[in-house]
Structures are given as C-alpha cells and as structure tokens.
Amino acid sequence: MLLISCPNCGPRDETEFHYGGQAHVPYPENPAELTDREWAEYLFYRDNTKGIFAERWLHSTGCRQWFNMLRDTVTYDIQAVYPMGQLRPATGSTAPTVTTPASPEGAIK
Amino acid sequence: MADTAALENSKKIQTLRKSPASHLGAAFETGSVAGVVELREVAFLTMAGLRVDPAGEAGERLGALTGGLPAVSGEVRSGGDTAVLWLGPAEFLLVAPAESHESLGGSLPRTLIEALGDGQGQVVDLSANRTTLELSGPQARAVLEKGCALDLHPRVLKPGTAVSTAIGGIPAILWKTSEETYRILPRASFAEFLGRWLLDAMREFATPEVP
C-alpha cells in the first residue's frame, strides 16, 4: 500500500485515491485539424516509462482534488507531489538507470 | 396564517419520517456497553453543502453567518450551535441541530441561500444525504482503529477535528467532537452497513478482557 501525501490533507492510504493516468498530456490546439491517427495517439497513446513517471491522482475519498505526482514505476518511490497546472519539477539523479537487463526476472527461457 | 398552518403540517409529517439507521436503534442499545463504548444515531441533523471560494466576497458573506469558514483539512468552525466542516479547499459541510431546519421552524438553509444571493457558489440542503452515528466511550478509538487507517491517537487527532476518510471500507466523515466522542457521517445508504460494522467491532468489549 502506498502512503500518498495529498497536498491538502496530508498522508493518506492509497485506497483513498484514484489514478488519473499520465500527466502533462496537452489537449490539441486544433482538434479538428488532426488526422485520425494523431487524434487516436492523443487519446490512447501514453508513455510506459520504467523509472520516474509524472502522473495524475485524485484524492476521491478526501478533498476530491486532483494533483500531480512523480512516482518511480520500479521502486514505487514518490519523488514529488505538486499541484495541477504546474510544470514537472526537475528530478535529481536518484532515478535508477536501467542498465542492460541481460535476463529480466521472470522471463521465460 | 398560512405559514403557521404549513409549519404545523410539516411538523406532523416529521413524526412519520424514518432516519437511515432507525431500524438499528434497538441493536445499538443492546450492542452498547455502558461506560466502555456506546453507539447511537443522531437523526435528522440539518446539513447544508457549501461550495464557495472562502477568500471571495460570497465566501465572506457566508462565513459571517457561520462563524467563519475553515481553511485547512480537519478544521471545524463553530458559530453558536452550527459547525462548518472542511471537505475541500472550496467545499464545506454545515451541520446544525435538527430544529434549525426551515421545515421545523428554523431558518436553515434559507438564510445561507439568501446570504449567497447572486454570488459565485452554491448552498444545497443536504440534510437527507448523510446520517450521524455517535460513537463514544473510552474504547471508541479502539473500535474505530479496526477500520480506519488514520492516526487516531489524541496527540494527532484532536477534539474538534473532522476529516473525510474511509471507515470500514466506506467513505465517511469522521468528526471528533470531544476526547472520547466521535461522530461518523456516512451517506444514508451506507448507514446500515456501517452501523452493523461498528456493532461487530464493539462486540469484543462486551466481555471481560482475557489477559
């Protein structure tokens, strides 16, 4: 269970929150001018980052407010919590560098 | 006067209404352990949902009536017999005694709606949205700790604090009104579940502690 620090309410259990997917996906300036492919990519294509990932969360059982979070998808370490509309903060060098996964764990040989 | 007649009629109707946990009243009485942990329903409290920017002009007008609007999570502002609970940065819940409702001769939430006027915001009568369960006694904290992940230690959760959280897996507002008294405000449809959940959690305290 993650312990997430809501910017309004303080640390709460993960079960009080809802995940909102990747953050900082801007709505297209002119949606009507997009090709079907570009529109589909805006709608459905998201990064699948291994490491630090910016994502949106909603504190649905508490203050019902959205916020952004930088979370490490490998270690689940929460690096930053920042308000909606704010730019992604710079991350330190604590990000684990993915080096040559010779034989990934659980891979079928 | 027509108003008086309407009020009399409205009071007559009030005797017919049932609170969400009224059918559990007897179970609450038998399940309560006097002096250890007790549970009862405080029915029909007047509640109003306020959505307004507390720093704005409309927020100030509402705040003047309610003794101010809370500013941070957990804060409760009291003015007379009303209390305003913080639910979000621009969302509050006003709780007042049942008699304060306009259908029983009180003035809520009409005075709030009038105070808001054309201002940006919203005042909605939510008296039927939630019911109030009151859990009290020295073991009340031990009962709640079985299903609430918050730190309920008195060092952290002080009397006069209300937080919106999950209790027994359902969303509810937990309001600590005094050192050993908690008011739990679940939505009406969760009242039966939470009432029975609390009864189950209280059961161990009816028998002497096994050392």
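The values are calculated or read from the model by the stated rules, or taken from the named source; none is laboratory data. None of the values given here were measured: they were computed from a predicted structure. Because the Cβ atoms are built from the backbone with ideal geometry, glycine has one as well, and the counts that use them run over all protein chains shown. Quick note on the areas: whole protein, heavy atoms, side chains included, nothing else; ligands and nucleic acids left out. Shrake-Rupley method; radii C 1.70, N 1.55, O 1.52, S 1.80 Å.
Please verify whether region B:77-84 includes one or more residues that are within 26 Å of B:Glu192 (Cα to Cα), basic (Lys, Arg) and more than 14 Å from chain A (Cβ to nearest Cβ). No, region B:77-84 contains no residue that is within 26 Å of B:Glu192 (Cα to Cα), basic (Lys, Arg) and more than 14 Å from chain A (Cβ to nearest Cβ). Residues considered: B:Thr82, B:Thr66, B:Thr30. Of these, the only one that is surrounded by 20 or more Cβ atoms within 10 Å (Cβ to Cβ) and of a type in the set (Ser, Thr, Tyr) is B:Thr66.
When you scan region A:81-92, do you find a residue that is at pLDDT 95 or above, basic (Lys, Arg) and closer than 26 Å to B:Ser73 by Cβ, even just one? No, region A:81-92 has no match at all. Residue check: B:Phe205 meets all listed conditions (1) aromatic (Phe, Trp, Tyr); (2) assigned to a helix (DSSP H, G or I); (3) out of contact with any Pro (no Cβ under 9 Å at 6 or more places or on another chain); (4) at pLDDT 95 or above but one, namely (4).
Hey, any hits in region A:31-40 for a residue that's out of contact with any helix residue (DSSP H, G or I) (no Cβ under 6 Å at 6 or more places or on another chain) and either within 14 Å of chain B (Cβ to nearest Cβ) or of a type in the set (Val, Ile, Thr) (or both)? Within region A:31-40 (the criterion being out of contact with any helix residue (DSSP H, G or I) (no Cβ under 6 Å at 6 or more places or on another chain) and either within 14 Å of chain B (Cβ to nearest Cβ) or of a type in the set (Val, Ile, Thr) (or both)), the answer is yes, since at least one residue qualifies. I'm trying to understand the selection: among the residues of region B:158-175, which are touching a residue at least 60 places away in the same chain (Cβ under 8 Å) and more than 9 Å from every other protein chain (Cβ to nearest Cβ)? Answer for region B:158-175, where residues must be touching a residue at least 60 places away in the same chain (Cβ under 8 Å) and more than 9 Å from every other protein chain (Cβ to nearest Cβ): B:Gly160, B:Thr161, B:Ala162, B:Ile173, B:Trp175. Residues that are open to solvent by less than 30 Å² (accessible area, probe 1.4 Å) and of a type in the set (Gly, Ala, Ser) within region B:92-126 comprise B:Ala96, B:Ala98, B:Ser100, B:Gly106, B:Ala115, B:Gly119, listed in sequence order.
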